[in-house]
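Chemist: First the structure, then my questions, so here it is.
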Amino acid sequence: MNTQANYVLTLSCGDRKGIVAAVANSIASQNCNICESAQYGDPETNRFFMRISFNAPEGMTKEQFEEGFGPVATGYGFDWKVHDLSKKPRVLVLVSQMGHCLNDLLYRNSTGQLPMDLVAVASNHTKYQSRVEHEQIPFHYLPVTKETKAEQEAQIVELVERENIDLVILARYMQILSNELCERLAGKVINIHHSFLPSFIGAKPYHRAHARGVKMVGATAHYVTADLDEGPIIEQDVSRVEHFHSVNELIAQGRDTESQVLARAVRYHLEHRILLNGDRTVIFK
């Protein structure tokens, strides 16, 4: 029986010589074994980024490793964190009336493709309540109007805090989060949208894109910030559109792309592969 503990160490700092050697030596000195290592030095910002997954010996806790690693982290000025892979991030999904991303996430969750604990799904509509409850996942109906937006967001915050949520996924949740909620959940919310923005912003973007004869459709997954749809980008993809595609075919193609892009972005986050580099991201795939 394997009794080793599995951890991921992520760090960033000002770039300088000796970082990789110092990190590897500290890990080895604690009798830990490196399983995967990736690093990147950004010449524009002079910042260094690193992700290491490693096994720790039986009985070593995360806190014990952190204590041993502390002197190196202090010496190099690391912004760092150790993640215990035995503890799956607790996830809340928010959805409205388009269910393609939700259905994809439910399937991937049921087949173990995403290392997460899907705690709950919440929506401002009841359309997917039976679908979610069929998976034996709690569903929370949180209706909202312009007049009750603050009250509804308070319910979301209460749910996040009560369930100790680590990540909120906006699976085509068609409500704009307030600046206050964005700031409160900074770094913990991932959104997905089509990549027509800002060309076809607003209602029925695929219909208007079809009318303009676009030659590709795409999707963007990003962290949510107070600047609408301008948070750090995690993942993007596109697919070709042919002249004979109907508007319904274009919509289906776009939704497939959205589902795949969101799933990849969520997996990168759950596996602690994303490090922020200002308004950009460094992703160790």
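Chemist: Looking at (1) modelled with pLDDT of 95 or more; (2) touching a strand residue (DSSP E or B) at 6+ places or on another chain (Cβ under 8 Å); (3) open to solvent by less than 20 Å² (accessible area, probe 1.4 Å), which is the one condition that is false for GLY254?
Modeler: (1)
Chemist: Something else about it: Every residue in region 178-201 that is surrounded by fewer than 16 Cβ atoms within 10 Å (Cβ to Cβ) and either closer than 21 Å to GLY99 by Cβ or among the aliphatic types (A, V, I, L, M) (or both), please.
Modeler: Once the filter is applied, which keeps residues that are surrounded by fewer than 16 Cβ atoms within 10 Å (Cβ to Cβ) and either closer than 21 Å to GLY99 by Cβ or among the aliphatic types (A, V, I, L, M) (or both), region 178-201 yields ALA186, LEU197, ILE201.
Chemist: A further question follows. Would you check if GLN260 is over 12 Å from the mean Cα position of the chain (by Cα) and modelled with pLDDT of 95 or more?
Modeler: Judged against the criteria, GLN260 is a match.
Chemist: Let me ask you something else. Among the residues of region 224-232, is any crowded, with 20+ Cβ neighbours inside 10 Å and closer than 18 Å to ARG280 by Cβ?
Modeler: yes
Chemist: Please go through region 129-177 and pick out each residue that is touching a residue at least 40 places away in the same chain (Cβ under 8 Å), of a type outside the set (A, V, I, L, M, F, W, C) and either touching a Lys or Arg at 6+ places or on another chain (Cβ under 7 Å) or surrounded by fewer than 14 Cβ atoms within 10 Å (Cβ to Cβ) (or both).
Modeler: GLU163, ASN164, ASP166, listed by residue number.
Chemist: Let me ask another. Got a sec? Which of GLY59, GLY77 is at pLDDT below 95 and small (Gly, Ala, Ser)?
Modeler: Values: GLY77 fails: at pLDDT below 95.
The unique qualifying residue is GLY59.
Chemist: Same structure, new question: Which ones in region 71-117 are of a type in the set (Phe, Trp, Tyr) and surrounded by fewer than 16 Cβ atoms within 10 Å (Cβ to Cβ)?
Modeler: Step one: of region 71-117, the residues of a type in the set (Phe, Trp, Tyr) are 76, 78, 80, 107.
Hit for region 71-117 is TYR107, nothing else.
Chemist: Which one is farthest from SER29 (Cα to Cα) among residues in region 49-73 that are assigned to a helix (DSSP H, G or I) and in contact (Cβ under 8 Å) with a residue 60 or more places away in the chain?
Modeler: It comes out as ALA73.
Chemist: Among the strands (runs of 3 or more DSSP E) lying completely within region 189-285, list those that include at least 1 residues that are among the polar types (S, T, N, Q), out of contact with any Ser or Thr (no Cβ under 7 Å at 6 or more places or on another chain) and over 19 Å from MET174 (Cβ atoms). Explain how you work it out, then say what you get.
Modeler: Details: elements: 189-194, 216-223, 233-240, 274-277, 280-283.
By residue number, 280-283.
Chemist: Do the conditions hold for VAL91, that is, is it touching a Phe, Trp or Tyr at 6+ places or on another chain (Cβ under 8 Å) and β-branched (Val, Ile, Thr)?
Modeler: Judged against the criteria, VAL91 is not a match.
Chemist: So which of GLU163, GLU242 ends up being charged (D, E, K, R) and at pLDDT below 95?
Modeler: The match here is GLU242.
The values are calculated or read from the model by the stated rules, or taken from the named source; none is laboratory data. Small disclaimer: the values here were computed from a predicted structure and weren't measured. Neighbour counts are summed over all protein chains in view; Cβ atoms, including those assigned to glycine, are modelled from backbone coordinates with ideal geometry. Keep in mind that these areas ignore ligands, DNA and RNA; they rest on the heavy atoms of the full protein, side chains included. Shrake-Rupley method; radii C 1.70, N 1.55, O 1.52, S 1.80 Å.
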